[in-house]
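**Student:** Quick one: structure below, then a few questions.
The values are calculated or read from the model by the stated rules, or taken from the named source; none is laboratory data. Please read these numbers as outputs of a predicted model, since none were measured by experiment. Here the Cβ positions follow ideal geometry from the backbone for every residue, glycine too, while neighbour counts run over all protein chains shown.
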Amino acid sequence: MRDWMPLFPLQAVLLPGAELPLHIFEERYKEMIREVLEERIEFGVVLATDKGLLNTGCTATIDKVLREYPDGRMDILTTGRRRFEIVRLNEDRAFLQGKIEFFDDEDSAPPPPEVRQQAIAAYNELRSLSSNSPLTATETNESQLSFRLARPVTDLDTRQALLAMRSEGERIRHLASFLPGYLIRERRVQHLKQVAPRNGHGRALAEIE
């Protein structure tokens, strides 16, 4: 077992169970991913901001190498696995490594049924914007349903907050409050995308209602 986990700082928040395609092109990350593949280990995905790395991340496993290029670049498909906190950083290698501690939920109390249903309904409406089918009965019974409900959300602050929460009930309540407003914004964005091609007069999108 390795003492240090390879870390991949990204402007993205990986959630448990979510897929994340990656294009590997920097030399240091080519080296890192080769080791991950050879040793069949996880690597950590952490959000990188202007202020530095955030402390909470999620491990990823490589499900498939989609394409390998002659110069060593790779397209890979990864899936989020386990949440962790960084205890210490190590910069001895070309790529960043971390001493980490895994964590999971500490509070198992479920949210009120009506709050849970509100979050599910908002999620299904959000999926309908991209013509995706609603959740199945099996999916709604997942023990950490919140992470599935959060997958379409692109807001990094919200995804990071959910990743750090140690209560499924708290995450569901947060999503039940957040998703309706997010859904309104996404509908507006989709509407603008639909009307923009028909507007040939050079007007700014903000002027189109």
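**Student:** Residue under question is THR61, and the condition is that it be among the polar types (S, T, N, Q), surrounded by fewer than 16 Cβ atoms within 10 Å (Cβ to Cβ) and under 17 Å from the mean Cα position of the chain (by Cα); does it hold?
**Tutor:** Judged against the criteria, THR61 is a match.
**Student:** Tell me, which residue of region 136-181 that is among the acidic types (Asp, Glu) and within 21 Å of GLN11 (Cα to Cα) is surrounded by the most Cβ atoms within 10 Å (Cβ to Cβ)?
**Tutor:** In this case the residue turns out to be ASP155.
**Student:** Here's a follow-up. Please find, within region 1-58, the residue that is surrounded by the most Cβ atoms within 10 Å (Cβ to Cβ) out of those that are under 20 Å from the mean Cα position of the chain (by Cα) and among the acidic types (Asp, Glu).
**Tutor:** Per the criteria, the residue is GLU42.
**Student:** Let me ask something else about it. Is one or more of the residues making up region 18-35 on the phi > 0 side of the Ramachandran plot and without any contact (Cβ under 8 Å) to a residue 24 or more places away in the chain?
**Tutor:** Looking for residues that are on the phi > 0 side of the Ramachandran plot and without any contact (Cβ under 8 Å) to a residue 24 or more places away in the chain, one finds none in region 18-35, hence no.
Conditions (1) closer than 25 Å to GLU170 by Cα; (2) outside the structural domain of GLN160 (by TED's automatic domain parsing); (3) not charged (D, E, K, R), marked per residue:
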| site | (1), (2), (3) |
| --- | --- |
| ARG34 | no, yes, no |
| LEU37 | no, yes, yes |
| LEU53 | yes, yes, yes |
| CYS58 | yes, yes, yes |
| ILE62 | no, yes, yes |
| THR78 | no, yes, yes |
| GLN117 | yes, no, yes |
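**Student:** So ARG83 passes all but one of these: (1) farther than 21 Å from GLU168 by Cβ; (2) at pLDDT 95 or above; (3) out of contact with any Asp or Glu (no Cβ under 6 Å at 6 or more places or on another chain). Which condition number does it fail?
**Tutor:** The failed condition is (1).
**Student:** Restricting to region 95-116, name every residue that is under 26 Å from TYR29 (Cα atoms) and either crowded, with 16+ Cβ neighbours inside 10 Å or charged (D, E, K, R) (or both).
**Tutor:** Listed by number, the residues that qualify are PHE95, LEU96, GLN97, GLY98, LYS99, ILE100, GLU101.
**Student:** Here is a check on your reading of the model: is LYS99 within 22 Å of the chain's Cα centre (by Cα), of a type in the set (Lys, Arg) and farther than 27 Å from ALA150 by Cβ? Working first, answer last.
**Tutor:** Numbers: within 22 Å of the chain's Cα centre (by Cα): yes; of a type in the set (Lys, Arg): yes; farther than 27 Å from ALA150 by Cβ: yes.
Yes; evaluated as a whole, the condition is true for this residue.
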